[in-house]
Amino acid sequence: MKRLRAFFYVQHLLGIGHLARASRIAAALVDDGFDVTVVTGGAPIAGFPGSGVKSVTLPPVTSGDEGFSGLVDLQGKAIDDDFKRRRSEMLLQAFRDYRPDIVIIEAFPFGRRQMRFELLPLIEAIEATSPRPLLAASVRDILQERVKPSRNEETVDLVNRHFDLVMVHGDPAFATIDKTFPLAGAIRAEVAYTGLVAAPPAQAASERFDVLVSVGGGAAGKSLVRSTVAAARNADNAWTWCLITGPNLPKDEFDAISRDASPRLSIFRFREDFASLLTGARLSVSQAGYNTVCDVMRAGCRSLLVPFAAGGETEQTRRALMLEELGLATVLTEQDLTPEGLAHAIEQALAGPPPAAHRLDLEGARRSAQILRERFKQFQSA
C-alpha cells in the first residue's frame, strides 16, 4: 500500500509550543504509516521536530518582541524583502520536490498572519497542482482573540476558498472553536476535533521536588523566573524547588540567576524528563501554554498557572481561567506576579484540595493521524 506523503509547515516565533505540538502530531503520523516532511522556520531547537520525519529548515525568523510586532533574524535584525523572497522560494521548491498528498499548515490562517508572504504563494501552488493535495489547517482549541473583526472575515474567506479540513486540537467537552473565533459558524470546510495533543504517559519521576517551576521556551517568562529565584531564596521552609528556564533564556541571564539561587533551588535550561518530573512534584508552577497544560493534565498534579498576557495575548488567560473553573488549577495573574505574590499563591495552592479528576481527551496526536487518513480517502473519491 502506498504511503501517504504529508507536508507539515510550522512556524514558531516566541516559545516552542507550536513546534512541540506539531512534532507530536508528526510522530503520530509516522507511527500511522505516513511519510512526513516537517518544514520549520523558527530558531533551531534540539530534539525537534524529532526522529522518523524528514525536515526542511527555512532561514530562521523570530518575533521582535513579546507583542509579535515584527519579524527578525537570529541576530535581531529586521528581515527585508530579499530575505522573505528567499524563504518563499525555498518553501515552494520543497513542496514541488516532495509532491505531497496532504499539506498541513499549522496555525494559519487563524494565526501567523506575519507569514502570509510565503504561505499565500504556497496555497497558490497547491491550487495549481494536479492532482491537488488535501489542504488542512492545524489549530489549537483556544485562539488568540482578534481586536479587528476584519481579520476573522479574512480568515473565513481563506479557509472557505482553499482549505478542505480544519483540525482543532482540543476536546469539545472543554473548549470549542466558536468560543474564541466568533465566525466559526461561517466555516464551510470540515471542522474536526482531535482531542488535546498530549505526550504519552510518562515514567515515574527519578527526582522529586515540592515546587516545580517551568517557563516553556523561556523567551516570555523572565518575570516568573526572577520571582521564583527570589521566592525560593526568601522561603522559610524546607521545600525543594526546581526551575526549568527554557532553552531561549539568554545565557548571561541564566548564569546570573544560577549564581543568585538558593541551595534548595535546582536550575536547568531544559529537562527531557519534564513530563516525568511532573508525576513526582507536589505542585507545578507554569505559564498556561497548550503543551505545558497537556503535560500537567496527563500527570494529574496540583497546578498553579501564571498565564502569559503581554502584548494583548488572551489565549493563555482564557485557558487558565477555564481550568480553574473546573477545579483543575489555580491562577495567579501576571500583574500580581511578585516574589511575595508567588510565594503566597504557592502556599495557597499546596494547602488547597487536590485537583479534580478530569476526563479530557489527551489522545489528539493519534486521532489527528486517523482523521487525516479518513479525510484523504473521502477527498480522493470526491
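The values are calculated or read from the model by the stated rules, or taken from the named source; none is laboratory data. None of these values were measured; they are calculated from a predicted model. Cβ placement follows ideal geometry from the backbone for every residue including glycine, while neighbour counts extend to all protein chains displayed. Just so you know, the surface numbers come from the protein's heavy atoms only, side chains and all, with ligands and any DNA or RNA stripped out. Shrake-Rupley method; radii C 1.70, N 1.55, O 1.52, S 1.80 Å.
Within the range 107-129, identify whether any single residue is farther than 28 Å from Ala198 by Cβ, touching a helix residue (DSSP H, G or I) at 6+ places or on another chain (Cβ under 7 Å) and among the hydroxyl-bearing types (Ser, Thr, Tyr), and answer yes or no.
No; the residues of the range 107-129 include none that is farther than 28 Å from Ala198 by Cβ, touching a helix residue (DSSP H, G or I) at 6+ places or on another chain (Cβ under 7 Å) and among the hydroxyl-bearing types (Ser, Thr, Tyr).
Quick one: in the range 341-351, of everything that is surrounded by fewer than 17 Cβ atoms within 10 Å (Cβ to Cβ) and in contact (Cβ under 8 Å) with a residue 24 or more places away in the chain, which residue is farthest from Gly111 (Cα to Cα)? Working first, answer last.
Residues of the range 341-351 surrounded by fewer than 17 Cβ atoms within 10 Å (Cβ to Cβ): 341, 344, 347-348, 350-351.
From what's left, in contact (Cβ under 8 Å) with a residue 24 or more places away in the chain: 341, 350.
Numbers: Gly341: 33, Leu350: 36 Å.
Checking each candidate, the answer is Leu350.
Going by the structure shown, is Ser150 out of contact with any Lys or Arg (no Cβ under 9 Å at 6 or more places or on another chain), over 22 Å from Met297 (Cβ atoms) and polar (S, T, N, Q)? Even if it seems obvious, please write down each step before you answer.
Working: out of contact with any Lys or Arg (no Cβ under 9 Å at 6 or more places or on another chain): yes; over 22 Å from Met297 (Cβ atoms): yes; polar (S, T, N, Q): yes.
Spelling it out, Ser150 is indeed out of contact with any Lys or Arg (no Cβ under 9 Å at 6 or more places or on another chain), over 22 Å from Met297 (Cβ atoms) and polar (S, T, N, Q).
Report, ordered by the first and then the second residue, all pairs with beta carbons closer than 9 Å, sequence separation of six or more or different chains, a first member in the range 99-116 that is assigned to a helix (DSSP H, G or I), and a second member that is acidic (Asp, Glu).
Pairs that qualify, where the first residue is assigned to a helix (DSSP H, G or I) and the partner is acidic (Asp, Glu), are Arg113/Glu154.
Might you let me know whether the range 228-248 holds any residue that is touching a residue at least 60 places away in the same chain (Cβ under 8 Å), of a type in the set (Ser, Thr, Tyr), touching a Ser or Thr at 6+ places or on another chain (Cβ under 6 Å) and closer than 24 Å to Asp336 by Cα?
No, there is no match, as no residue in the range 228-248 is touching a residue at least 60 places away in the same chain (Cβ under 8 Å), of a type in the set (Ser, Thr, Tyr), touching a Ser or Thr at 6+ places or on another chain (Cβ under 6 Å) and closer than 24 Å to Asp336 by Cα.
Determine, yes or no, whether Gln316 is part of a helix (DSSP H, G or I), buried (at least 22 other Cβ atoms within 10 Å of the Cβ) and out of contact with any helix residue (DSSP H, G or I) (no Cβ under 6 Å at 6 or more places or on another chain). Talk me through it step by step, then tell me what you get.
On the way: part of a helix (DSSP H, G or I): yes; buried (at least 22 other Cβ atoms within 10 Å of the Cβ): yes; out of contact with any helix residue (DSSP H, G or I) (no Cβ under 6 Å at 6 or more places or on another chain): yes.
Considered against the rule, which asks whether it is part of a helix (DSSP H, G or I), buried (at least 22 other Cβ atoms within 10 Å of the Cβ) and out of contact with any helix residue (DSSP H, G or I) (no Cβ under 6 Å at 6 or more places or on another chain), Gln316 comes out as yes.
Answer yes if at least one residue in the range 131-152 is within 22 Å of Ser381 (Cα to Cα), of a type outside the set (A, V, I, L, M, F, W, C) and free of Cβ contacts under 8 Å to residues at least 60 places away in the same chain, and no otherwise. First the steps, then the outcome.
Narrowing the range 131-152 to residues within 22 Å of Ser381 (Cα to Cα): 131-137.
Next, only the ones that are of a type outside the set (A, V, I, L, M, F, W, C) stay: 131-133.
With the extra rule that they be free of Cβ contacts under 8 Å to residues at least 60 places away in the same chain, the set shrinks to 131-132.
There is at least one residue in the range 131-152 that is within 22 Å of Ser381 (Cα to Cα), of a type outside the set (A, V, I, L, M, F, W, C) and free of Cβ contacts under 8 Å to residues at least 60 places away in the same chain.
Which of the residues spanning the range 330-340 are assigned to a loop (DSSP other than H, G, I, E, B), open to solvent by less than 50 Å² (accessible area, probe 1.4 Å) and touching a residue at least 40 places away in the same chain (Cβ under 8 Å)? Give the derivation first.
Going residue by residue through the range 330-340, those that are assigned to a loop (DSSP other than H, G, I, E, B) are 332-333, 337-338.
From the residues that got through so far, the ones that are open to solvent by less than 50 Å² (accessible area, probe 1.4 Å) too are 332, 337.
Within the range 330-340, just Leu337 meets the criteria.
Would you please name the residue that is farthest from Val296 (Cα to Cα), looking only at residues in the range 352-372 that are assigned to a helix (DSSP H, G or I) and open to solvent by 50 Å² or more (accessible area, probe 1.4 Å)? Outline the logic, then answer.
Here is the first cut: in the range 352-372, the ones assigned to a helix (DSSP H, G or I) are 364-372.
Next, from what is left, pick out any that are open to solvent by 50 Å² or more (accessible area, probe 1.4 Å): 366-367, 370.
Details: Arg366: 19, Arg367: 20, Gln370: 25 Å.
So the residue we want is Gln370.
I'd like the full set of residues that are more than 20 Å from the chain's Cα centre (by Cα), in a loop (DSSP other than H, G, I, E, B) and not aromatic (Phe, Trp, Tyr), limited to the range 162-172.
Scanning the range 162-172 gives a single hit, Asp164.
Only residues that are surrounded by fewer than 20 Cβ atoms within 10 Å (Cβ to Cβ) and of a type outside the set (A, V, I, L, M, F, W, C): list them for the range 169-178, please.
Residues of the range 169-178 that are surrounded by fewer than 20 Cβ atoms within 10 Å (Cβ to Cβ), as a first pass: 172-173, 176, 178.
Matches in the range 169-178: Pro172, Thr176, Asp178.
Please give the number of the condition Ala343 fails out of (1) within 25 Å of the chain's Cα centre (by Cα); (2) outside any loop (DSSP other than H, G, I, E, B).
Ala343 satisfies every listed condition except (1).
Is it the case, given these coordinates, that Ala369 is aliphatic (A, V, I, L, M), in contact (Cβ under 8 Å) with a residue 12 or more places away in the chain and out of contact with any helix residue (DSSP H, G or I) (no Cβ under 9 Å at 6 or more places or on another chain)? Can you show your working first?
Values: aliphatic (A, V, I, L, M): yes; in contact (Cβ under 8 Å) with a residue 12 or more places away in the chain: yes; out of contact with any helix residue (DSSP H, G or I) (no Cβ under 9 Å at 6 or more places or on another chain): no.
Taking the combined requirement at face value, the residue does not satisfy it.
Can you tell me which residues in the range 135-161 are over 18 Å from the mean Cα position of the chain (by Cα), within 24 Å of Arg24 (Cβ to Cβ) and among the charged types (D, E, K, R)?
The first filter runs over the range 135-161 and keeps only residues over 18 Å from the mean Cα position of the chain (by Cα), leaving 135, 146-161.
Within this subset, residues satisfying the condition of being within 24 Å of Arg24 (Cβ to Cβ) are 135, 159.
Hits for the range 135-161: nothing passes.
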